[in-house]
Amino acid sequence: MTTSTFPVRQEERCNVLVGVDYSTCSDSAAALAVRLPNLSEGTVVFLHVFEKRIMRDFGSGADAADQIQQAAHQFLQSHLSCILKGDKGMPKIVVGDPLQEILVAIAENQPELFVIGSREHRSTETRPRSGFAFQCASQAVSDVLVVRPAQPSDFQSIVVGVNFSQASMVAARRAASIASVSGASLQFVYIDEPGVFENEDPSQDKLEEWIRAGLSPDGQPLSFTCNVMKGPHVGEALIDCLNESHAELVVLGTTRGYSVSATLDHLVKASPASLLIVKSDQ
């Protein structure tokens, strides 16, 4: 493991959409969303989707639907005021299928980040890829932050999984920006899978050189560490790293329009830390 410093440029404002379902995970996501860096000029919208099947249980007709939505909106406002302790946001109620309405809201509002709460599932064999958090992470065009229930309000330690791709460099820049604002420690990790590099395996010096070459040259200095780990499975190796470092956030990059990897699927289900999925264009 090597330790070094680089100058990092802070990013501009961030507009955020938060999925709310009144669970403990959802409350943690809402509380964290209003305290994210770069929100001084951004907006936070809290979206709750009222499913149509539930609407049918309360009666039919336009008047009944309006009354239910008004009551749901008031309840959402009251709930948010309790958990956010005065922090402001914009509550929104829609009726429909939760996944589809979230994707529509992301397309219409074009937030830089969608935030959703999800608990860790240790028995990953029983959790298929159809899990709701995974579907949101894989289908949303925006960046996605999956928040664990025990997530503290600030990040103290951040791990970034990189693979020398352009998508992971975009994720590295985002993580560096968060660390520069929050003061969190920052560790870049490459998992050396057998057979990926035919001629020679990347060294920690090469990893540091790649990070330095890809990050912005202006801004405030920020310390970081580099770590090259051996492992046949990237997801499992990253989780071992998270358990050892006790990091609160793991950051991965992916490309919009491409199928989400098994590594990302595994981390959405099993990571002990919250997970930020940074999406970039090819």
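The values are calculated or read from the model by the stated rules, or taken from the named source; none is laboratory data. Bear in mind the structure is a predicted one, so any value in this text is a computation, not a measurement. A quick note on method: Cβ atoms are made from the backbone with ideal geometry, for glycine too, and the neighbour counts reach across all protein chains shown.
Within region 30-44, not a single residue is farther than 30 Å from Ala179 by Cβ and modelled with pLDDT under 90.
Residues in region 235-258 that are buried (at least 24 other Cβ atoms within 10 Å of the Cβ) and of a type in the set (Val, Ile, Thr) were compared, and the one that is farthest from the chain's Cα centre (by Cα) is Thr254.
Would you say Ile68 is farther than 21 Å from Lys279 by Cβ, at pLDDT 75 or above and buried (at least 17 other Cβ atoms within 10 Å of the Cβ)? Taking the combined requirement at face value, the residue satisfies it. The criterion of at least 1 residues that are at pLDDT 85 or above, charged (D, E, K, R) and more than 30 Å from Ile116 (Cα to Cα) is met by the following helices (runs of 4 or more DSSP H) wholly inside region 185-282: 204-214. In region 168-181 there is at least one residue that is modelled with pLDDT under 85 and more than 28 Å from Leu47 (Cβ to Cβ).
Tally up the residues in region 158-181 that are of a type in the set (Ser, Thr, Tyr) and surrounded by fewer than 18 Cβ atoms within 10 Å (Cβ to Cβ), please. Of the residues in region 158-181, 1 are of a type in the set (Ser, Thr, Tyr) and surrounded by fewer than 18 Cβ atoms within 10 Å (Cβ to Cβ). Among residues of region 66-77 that are free of Cβ contacts under 8 Å to residues at least 12 places away in the same chain, none has a beta-carbon under 9 Å from a residue that is among the β-branched types (Val, Ile, Thr) and part of a helix (DSSP H, G or I) at least six positions away or on a different chain.
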